[in-house]
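Single-structure report; data block below.
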Amino acid sequence: MNWLKMGILEWRRACYGILRFIIESGTKGCEVIISGKLRAQRAKSLKFKDGYMISFGQHVKEYIDSVVRHVLLRQGALGIKVKIMLDWDPKEKQGPTTPLPDLVIIHPPKEEEKYMRLLVASPVEIEPPVVV
């Protein structure tokens, strides 16, 4: 974001660079929001999203890391909000240990025992109907 402050890099290109860096770091998703006077006198807010992101519920507290920073520029202040969704990590090295409730794990199929079913035809006695 120092490039933004010095005016070397355009803000849109900087945000896409941040998104790419975060996703390549092994996260599930991220969101970057910039708000303030970007080019004109009127302030606006822009969102850049990539990947999978949850936005509400109890799991947001465990899975989402968010930070807000303010950058002072010549024309005014910019607000930058970055949200990162961590991936489920059962070993608790880089993410939460509790899986998401909608996580579906597909196990490989078990080996089937091959067996031959012997078809033996047994004689069946059929009784004729009795007429009274």
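Every read-out reported here was derived from the displayed coordinates using simple, explicitly stated rules and does not represent laboratory data. Just so we're clear, the structure is a prediction, and the values are computed from it rather than from any experiment.
What is the angle, in °, between the Cα long axis of helix 11-24 and the longest principal axis of the Cα atoms in the chain? Nearest 10 is fine, range 0 to 90.
40
Suppose the Debye formula is applied to equal point scatterers at every Cα of the chain; what is log10 I(q)/I(0) at q = 0.15, 0.18, 0.22 Å⁻¹?
At q = 0.15, 0.18, 0.22 Å⁻¹ the computed log10 ratios are -0.85, -1.04, -1.29.
On a 26 Å Cα-Cα criterion, which of the cross-link pairs Lys28/Lys91; Lys47/Lys91; Lys28/Lys110; Lys61/Lys81; Lys91/Lys114; Lys37/Lys81 come out too long?
Distance filter (> 26 Å) returns Lys47/Lys91; Lys28/Lys110; Lys91/Lys114.
If the cut-off is 16 Å between C-alpha atoms, which aspartates and glutamates fall inside it for Lys44, apart from same-chain ones fewer than 8 positions away?
Here the aspartates and glutamates satisfying the reach criterion relative to Lys44 are Glu10.
Need the C-alpha centroid separation for segment 12-49 versus segment 76-90, integer Å.
A separation of 10 Å, based on Cα centres.
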